[in-house]
Structure formats: structure tokens, C-alpha cells
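Let me begin by presenting the structure, written as C-alpha cells, before commenting on it.
Any read-out appearing in this document is the output of simple, stated calculations on the displayed coordinates, not a laboratory observation. Here the structure is a predicted model, which is why all the values come from computation and not from measurement. Because the Cβ atoms are built from the backbone with ideal geometry, glycine has one as well, and the counts that use them run over all protein chains shown.
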Amino acid sequence: MNIEFTHRQSAHCESGVTANLFLHHGIEMSEAMAFGIGAGLFFGYLPFVRINGLPLVTFRSAPGSIFRRVAKRLGVEVVRQKFRDPDKSMTALDRALEQQIPVGLQTGVFWLPYFPPALRFHFNAHNLVVCGREGDNYRISDPVIDEAVLCPREDLLRARFAKGALAPKGAMYYLKDVPAGIDLRPAVKAGIREVGRRMVKAPVPIIGVRGMRFLARQLEGWPQKLGPKRAGQYLGHLIRMQEEIGTGGGGFRFIYAAFLQEAAELLAQPRLAEFSRELTDIGDQWREFALFAARRCKGRGEEETSYPRLAAMLRDCADREEKLFRGLLAEV
Amino acid sequence: MKSEDVPQDKAILGQWHEICYALDQDGRYVLAPSVGWDPANVANLQAWEVIAEAVAEAIEAVRSGEASPLAFHMARCQMDAGLLAGYVQLARWRVRRHLRPAVYARLKPELLERYARVFGVAAAELDRIPEKPELPVVLDNDEEDRNQ
């Protein structure tokens with residue numbers, strides 16, 4: 001049994017799942033639009049939270065928040081369930097599929113057999129859509145994979161009940177009542193305002209542009225504090241959070257620029273297109289930062305990849321983003 | 001980033017692509033598939049180096065009789081005692097005890113079965129420890145070894 005579901009590959013799992021589910025219910029929405037309305041852009045440096053012994057740095061909002069915000073801003077009712085009993089979770093999935101409802105799942109990636117082996121870490125905030133079942137295999141539209149794939153029930157069950165940080169606990173979600181003729185415009189503005197406030201008006205100095213400056217300050221001290229090897233691992237971790245599969249490049253800056261470009265047309269506000277171009281330039285600078293940081297990891301290019309030089313690049317990104325988001329807040 | 005500049009550095013994605021957002025000739029955003037980017041690949045391999053070190057240490061510890069084979073499988077599956085305890089649904093202190101060879105030797109078959117299921121091997125295979133860590137990626141220093 002398969003549901004007719006359009007698989008569109010995306011940069012990021014959650015915005016991809018959101019856009020594809022809405023499209024299925026007749027609301028034309030690009031991934032970038034879902035990312036923008038869902039206020040996915042973020043920056044946070046939280047050194048007191050450790051991921052495999054490395055400080056948490058994030059370029060995106062909390063897992064689950066994009067889907068939740070898009071649904072709320074568009075006035076769409078969502079069914080969301082978690083489970084203690086694995087069998088019950090699969091029965092609930094089967095029942096929804098029988099009613100021809102494509103179902104979003106939160107899973108870990110470590111147990112997904114189709115996932116690139118080199119990326120199978122214990123990361124538990126992955127999102128995918130189940131859009132059919134063929135015997136003991138489920139048809140899965142995983143937005144970061146090129147095409148829909150089949151996944152054995154056993155493996156899917158493990159992925160749904162992955163343990164550790166952000167354990168999904170079998171979480172599944174789907175759209176219930178989707179009204180016709182939804183106007184995206186107020187939602188777009190609300191999304192932009194939320195990201196703008198977060199980036200320049202966060203009350204704590206570890207979030208938004210202040211978080212970027214905090215990271216710059218810390219990063220300068222890494223080689224003395226940690227020694228060259230460990231400092232290199234910290235840098236590598238930063239690059240992974242910024243560029244590893246699922247960001248669209250430049251720590252989500254490009255995907256957000258794509259959203260601003262769409263928003264400019266939708267709202268008939270050409271100024272937003274200018275902000276899009278500026279954010280593209282800033283994204284290029286994040287890419288350059290990753291490039292230099294990777295050289296540093298490999299111990300190449302002493303002068304231009306020194307830690308103070310890398311910190312200066314981050315500060316420059318922070319200054320430019322501060323100007324940009326203040327401008328955006330004034331615009332919408 | 002322009003769409004013609006989207007990097008195509010193949011290393012870790014296998015048959016798949018990742019999506020990059022890039023500008024076409026008219027300055028419009030398009031979704032451009034990429035097979036990977038070197039800086040991201042470097043960072044990924046570095047993460048695997050850390051895992052490889054942990055696995056190599058575990059192999060050494062099992063061979064020298066300091067740890068039970070569970071320590072090797074735990075490292076291979078990128079777990080610590082806490083995460084493994086979650087998967088086998090035992091208290092962490094019990095998992096820690098089972099990492100001691102003497103305690104492991106007396107483990108009941110059903111507990112061994114439970115561990116084996118989590119690690120994705122048959123219970124009879126638990127004691128088979130390879131010479132070297134087996135990874136899904138090729139690390140630089142492996143290549144150097146081969147060239148020598």
C-alpha cells in the first residue's frame with residue numbers, strides 16, 4: 001500500500017518534511033519558505049552543553065520547532081504522538097497509512113540502513129516521512145536523500161526508539177485539518193520578526209550575534225587552553241555543525257537568503273531581495289571560515305588560518321548579520 | 001554561492017547527494033545537488049579518527065584482558081556505558097560491571113542475547129574481535145600505511 005506522495009529532496013530534514021507534507025495537503029510551499037515561516041535560522045554557542053565531549057554550537061532552532069511554528073502560523077491542526085510501547089507506535093503508524101495519511105517521524109540516524117554510513121552518528125533529531133508500506137518494508141521519503149527508499153520495519157522501529165540525547169520516543173506527527181486558501185504573508189512576516197529578534201535582541205549573550213562574538217572570543221583561547229590537537233577537534237566540530245549534510249551551505253544562511261528572495265516577491269517588498277543578496281555574501285563568508293578552519297585542522301596555511309584570524313572572520317560575520325537583522329526588523 | 005561553484009568533492013555520501021542552495025545566472029536561488037565539500041569531508045573524517053582511536057583502544061583492552069568484548073562493540077557502535085545501558089535496558093552500573101572480563105564470562109545467555117541484538121551481531125559472534133577497527137570511511141593515515 002502506497003500513498004501518492006511527492007518526494008522533493010531538501011537541504012534540511014525538518015523544513016523538507018514540513019514543506020512536503022503541506023504540499024501533499026494542497027499548500028504549495030518550498031523548503032526555504034517552510035524554513036523561513038518556521039523561523040529555523042539561529043545561532044547559539046552553549047559550551048556547557050556537551051555533544052560527545054564537544055561544546056554545542058547550533059545554526060538552527062530547536063528540533064521540532066520549524067514544523068510546529070509553520071502549522072501554528074498557518075492555523076493548521078497537527079496530530080502529534082509519542083509512545084512508550086514500540087508495538088503500539090507501529091500500529092498507530094500503520095493505521096494512519098491505511099487512511100492514506102503520510103506521517104512525519106522523528107528518528108535517530110544511527111539505525112537507518114539507507115543513510116550514508118559515514119554520517120551514521122547518534123543524532124536523534126532527524127525527520128522523515130513514511131508514505132507507504134510494502135509487506136515488512138516501509139516506503140520512506142527522507143528529505144535529505146535523493147529519492148524515496150524502502151526501510152525494513154525492524155530498522156525503522158530501532159530508529160524511532162533511538163536512545164540518548166533528544167530521544168524521539170517514537171514521535172510521529174501529521175497534518176489534520178488544512179483549510180483551503182491559506183494566506184502565507186502574515187506568517188512570513190511573523191517568521192522574519194522572530195528570527196530578527198532572536199539574532200539581535202536575545203537576552204542572553206550566547207545566542208544570536210552576541211553568541212557569535214562569544215564563540216570568537218572562546219575560539220581564540222582554544223589552542224592555549226586545549227592544546228593543538230583538541231583545539232583542532234573543536235574546530236572540526238564547528239565545521240560539521242555548519243556544513244555537514246542538512247544546512248544547504250553556510251550554516252543555513254543560503255537557505256534563509258532563498259527564503260528572503262521568495263518573501264520579497266510574495267510581499268512585494270523589493271528591499272527584502274537586497275537583504276537576500278547581503279545574506280548570500282555573509283553565507284559566502286561563513287563558507288570561507290569553514291574552508292580556512294579545515295586547513296587549520298590539517299595544519300596548513302599558518303598565517304591566514306591562525307586562531308585570531310578565524311576569530312576575526314567570525315566577528316565580521318557577526319557585525320554584518322547584526323546590521324542585516326536590524327534592517328530586517330525595521331522592514332517588516 | 002553561484003550554482004556553477006557548488007563543490008563536487010566526493011568522499012562520504014556514497015551514492016547520495018546533498019542539496020546546496022546557490023544562485024543561478026539570473027541571481028535566483030536554485031537547489032543544487034552536490035556530492036560533498038572538502039572542508040566538510042575533512043571535519044567528518046576527523047570525527048571518525050576519534051571513533052577509530054576509541055575502537056583501537058578498546059580492542060587493545062580486550063586483548064590484554066582488561067575489558068570484556070562488550071567494550072569493543074560499545075566503542076564500535078559509538079556508545080558509552082550510559083547509552084548502551086539505555087539500549088539494553090539495564091542500569092548503567094550493571095553495564096559497567098559487564099565490561100569486566102570476569103563478570104562477562106559468567107553472564108547468562110539471555111543477557112548476552114540482549115547485548116548481541118543491540119550490537120547487531122549473533123550472540124556467538126560477540127567474542128570475535130578484529131585486529132584493527134573497521135570503519136565506513138577511509139582515513140588518511142590508513143592510506144599512508146598502504147603506501148608504505
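Figures for the structure shown
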quantity	calculated
Residue-count net charge about residue B:10 - beta-carbon cut-off 13 Å; Lys, Arg +1, Asp, Glu -1	-3
Mean projected area (nm²) of the alpha-carbon convex hull when the protein assembly as shown is viewed from all directions	24.0 nm²
Anchor residue A:201: lysines whose Cα lies under 18 Å away (excluding residues fewer than 8 positions away in-chain)	A:189, A:323
Ellipticity estimate at 222 nm from DSSP helix runs (n ≥ 4, -39,500 (n - 2.57)) divided over the protein assembly as shown, nearest 500	-16500 deg cm²/dmol
Cross-link reach list, lysines versus residue A:82, counting only Cα pairs under 17 Å and skipping chain neighbours closer than eight places	A:163, A:169, A:176
Cubic angstrom per residue, convex hull over Cα atoms of the range B:49-125	82 Å³
Hydrodynamic radius (Kirkwood) for chain B, which is based on Cα pairs only, to one decimal in Å	18.1 Å
Net charge over other residues, Cβ less than 13 angstrom from the Cβ of residue B:47 (K, R count +1; D, E count -1)	-2
Rg [Å, one decimal], Dmax [Å, integer] - the range A:195-314, C-alpha atoms	16.0, 52
Contact order normalised by residue count of chain A, Cα under 8 Å, 6+ apart, percent	21 percent
At q = 0.10, 0.11, 0.17, 0.19 Å⁻¹, base-10 log of I(q)/I(0) for the range A:1-114 (Debye sum, equal scatterers on each alpha carbon)	-0.37, -0.45, -1.01, -1.18
Cα-centred dipole magnitude for the protein assembly as shown, charges only on beta-carbon of K, R (+1) and D, E (-1), debye, nearest 20	2320 debye
Between the range B:119-136 and the range A:295-322, the alpha-carbon center distance in angstrom	41 Å
Candidates per GluC sites (Glu not before Pro) in the range A:243-332, loop by DSSP, up to 12 other Cβ within 10 Å	A:302, A:303, A:304
Summed residue charge, Cβ within 11 Å of residue B:73's Cβ, Lys/Arg positive, Asp/Glu negative	0
